Amino acid sequence: MQTKEDLVIEKKEKVTLPPRYKVILLNDDFTPFEWVLFLLSNVFHKTAAEAEAITLTVHEEGSGIVHVYPSKEIAESKTKKANELSRQQGFPLKCVTEKE
């Protein structure tokens, strides 16, 4: 028979999850709506409905979260690709990466 002294109380440790990183699209007055939709579809693999919703949010609120990634490297890579493609087309569109 077990007594109170025999019971071992296990201490649960809190697990800290690694930070996630947001890619945020910033509004500007020069980049065409169609280009933003193209980037969201081709770089971030958003559906047409998702791309349109994000684009409208960016237009109305000044910025919008495109996606949240599990690593900084992935988020920064997507951000860099979107910014480079925009510059190549002559658009000032800007994406930034932020820790969630």
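The values are calculated or read from the model by the stated rules, or taken from the named source; none is laboratory data. Computed from a prediction, not measured in an experiment: that's the story for all the values here. Backbone-built Cβ (ideal geometry, glycine too); neighbour counts: all protein chains shown. Calculation scope for accessible area: heavy atoms of the full protein, side chains included, ligands and nucleic acids excluded. Shrake-Rupley method; radii C 1.70, N 1.55, O 1.52, S 1.80 Å.
Mind ordering 27-38, 12-23 by average Cβ neighbours within 10 Å, highest first?
The peptides rank, most packed first, as 27-38, 12-23.
Tell me the accessible surface of Ser63 in square angstrom (1.4 angstrom probe, heavy atoms of protein chains only), to the nearest ten.
Its accessible surface works out to 50 Å², give or take rounding.
Per residue, what accessible area does the chain have, given a 1.4 Å probe and all protein chains present, in Å²? Can you show the working numbers first?
Details: 7480 Å² over 100 residues.
For the chain, the solvent-accessible area averages 75 Å² per residue.
Considering only protein heavy atoms and a 1.4 Å probe, what is the carbon-and-sulfur percentage of the accessible area of the chain? Please list the in-between numbers first.
On the way: 4040 of 7480 Å².
The value for the chain is 54 percent carbon and sulfur by accessible area.
P(r) of the stretch 47-100 in 10 Å steps, Cα pairs, percent per bin?
Reading upward from the zero bin: 23, 49, 28, 0.
Would you calculate the separation in nanometres between label points at Glu100 and Asp28, each defined as 7 Å from the Cα along the Cα-to-beta-carbon direction?
Once both label points are built, they end up 2.8 nm from each other.
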